[in-house]
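What follows is calculated from the coordinates using simple rules that are stated; it is not laboratory data. This one's a predicted model, so the numbers in the text were calculated from it and none came from an experiment. Cβ atoms come from the backbone with ideal geometry, glycine included; neighbour counts cover every protein chain shown.
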Amino acid sequence: MWQLSELDASFLYLESANAPMHIGSIYLFDASERDAPLAFSTFISHLRSRLHVVPVFRQRLKEIPLRLGRPYWIDDPEFSIERHLAYVSLGVNSRESNLMTLASKILEEPLKRDRPLWHITFVDGFQLGEKNAEESSKKGREGFALIVKLHHAAIDAFSGEEIIGKLLEYTPQPQPINAPRPWKARPKPSEERVIIQAGANILRTPWRFASLAAGAAETTARGLIQKQLLKIPLPFPLFSAPHSPFNRKITPNRQIVPAKVELSRLKAIKAALGDVTLNDVVLGLCAETLKRYLGTQDADTRQSLIAMTPISVRSSTLSRTTGNQMSAMLLDLATNEPDPARRIRKIHWNAVSSEPYRDAIAADRLTELLPSNMLALSARLYSELQIAQRYRPVFNLAITNVPGPKVPLYLQGAKLTQQYNTAPLFDSMGLVVVAMSYQGSLTLNFTVCPDVVPQGNSLRKHVCDSLEAIEKAASELDPEELHTPLTETRSQTLADNAMGLLEGALKRLTGRFRR
């Protein structure tokens with residue numbers, strides 16, 4: 001048995017009908033160089049031959065009775081690859097827009113917990129190429145797509161890319177499909193062994209027993225904790241992110257809005273601005289895009305948006321590529337700075353001047369302090385008490401920048417031409433951005449709840465306009481400014497203040513329970 005970490009388990013407990021906690025990807029392949037279209041049966045054979053490189057694909061959850069501990073990954077003795085695959089044909093006249101609509105609907109559905117937590121939809125028969133309705137008569141290139149769902153309890157965005165890299169190929173010549181390696185599920189652990197192991201874990205960390213009991217009687221505990229929280233004088237001003245249209249109660253509906261830019265343009269901006277990183281430029285592009293969008297929604301943009309940016313702390317020496325190994329930092333996006341080039345320099349300063357940049361807050365620090373089921377309970381209370389609406393939220397949105405492959409990938413001779421990526425939305429956070437690079441381009445993937453973020457398609461145009469505005473501002477920036485030190489900003493202590501708030505609140509809460 002392999003037990004989930006507190007962070008991995010928290011993604012299980014955070015899941016709700018409105019917030020499925022899987023990472024989604026859409027992979028578009030150009031099959032025009034193949035002698036014949038790739039058959040669904042061929043894809044299944046290819047996937048079977050590579051299951052051994054991704055053990056989690058054949059592992060399911062084993063829950064602990066009464067939630068007396070975190071679940072385990074165990075081999076699924078009833079594993080059947082067919083339960084994780086689906087086939088859809090869009091028809092020869094379908095375009096990418098049809099695919100994205102289909103993907104949005106598929107990604108709204110949570111994964112089933114009675115089997116390994118992944119699913120792939122093979123989408124056949126649509127055309128790559130022209131996307132405009134007036135060009136629908138033109139024949140595009142023969143293509144197919146994969147819509148992939150992987151649960152966040154099993155992977156993070158960084159390990160997800162490693163997994164897909166193992167399932168695909170690095171050569172345009174179709175490789176022979178080998179017979180699947182023999183596999184036999186290891187014996188399922190007995191209930192007695194699971195309970196004994198859970199008891200041993202409780203003895204090692206006895207203070208967690210209260211939170212585990214709370215998970216077993218969630219309804220009662222929720223009411224009790226809510227009453228206790230309302231008695232605690234929480235210093236809410238430390239929740240210093242501004243109110244924004246993104247931070248409202250979400251619904252199950254999802255929309256995927258991708259915007260593609262050339263990395264060469266971003267690198268030229270980096271060179272023009274001097275001592276900044278490419279990641280700073282990406283964040284600056286997101287900030288300008290969001291500022292423009294909020295302007296069209298008549299939102300107050302006088303205060304700067306705060307982003308939570310996950311950081312991978314995955315070691316290259318780790319033998320296990322799955323699971324979540326992340327740190328996170330809270331970052332002031334300086335959206336109250338009118339000049340988009342100066343804003344990027346401020347974003348860089350906000351990052352390097354903060355403690356999280358030098359020693360990023362490990363997500364495990366939070367889950368060690370607040371066990372997974374208590375963390376999920378706290379998140380639900382955060383939603384039910386409407387803290388993000390009544391007070392200021394901790395952060396406005398999440399932005400993840402994941403470096404993708406620099407070389408082309410293939411699947412049985414079909415070239416991967418584009419990939420889109422989605423991330424889970426949380427209640428009171430209706431927008432997430434995943435930036436993914438591939439072969440000299442970078443795609444900003446906006447996952448939005450359309451009931452919270454209306455006119456989401458406009459984000460694509462805002463990205464194009466924002467990039468042009470940043471390029472123009474960078475060319476006009478006074479060279480003397482590049483050598484002028486910036487003053488400290490409030491984000492230097494923002495993350496530490498937020499973490500201190502959680503620690504202090506938990507100490508006061510546990511103190512009340514002890515009395």
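Couple of notes before you dig in:
- For region 25-34, the Karplus equation 6.51 cos²θ - 1.76 cosθ + 1.60, evaluated at θ = phi - 60°, returns couplings of 9, 10, 10, 9, 10, 9, 9, 5, 8, 7 Hz by residue, with Gly and Pro reported as x.
- Hz values of 3J(HN,Hα) by residue in region 249-266 - Karplus curve (6.51, -1.76, 1.60), Gly and Pro given as x: 5, 8, 10, x, 5, 9, 9, 10, 10, x, 9, 9, 9, 7, 4, 4, 5, 5
- Shape of region 410-463, Cα gyration tensor, a/c cut at 1.5: prolate
- Distances between placed amide hydrogens fall under 5 Å for Q418 paired with L28, all partners being 5 or more residues away or on another chain.
- Residue (of M100, V56, M1) at the positive-pole extreme of region 1-105, dipole from beta-carbon charges: M1
- Descending by average beta-carbon neighbour count within 10 Å, the peptides 434-444, 43-53 line up as 434-444, 43-53, the highest first.
- Peptides 75-82, 102-109, 424-431 ordered by average Cβ neighbours within 10 Å, highest first: 424-431, 102-109, 75-82
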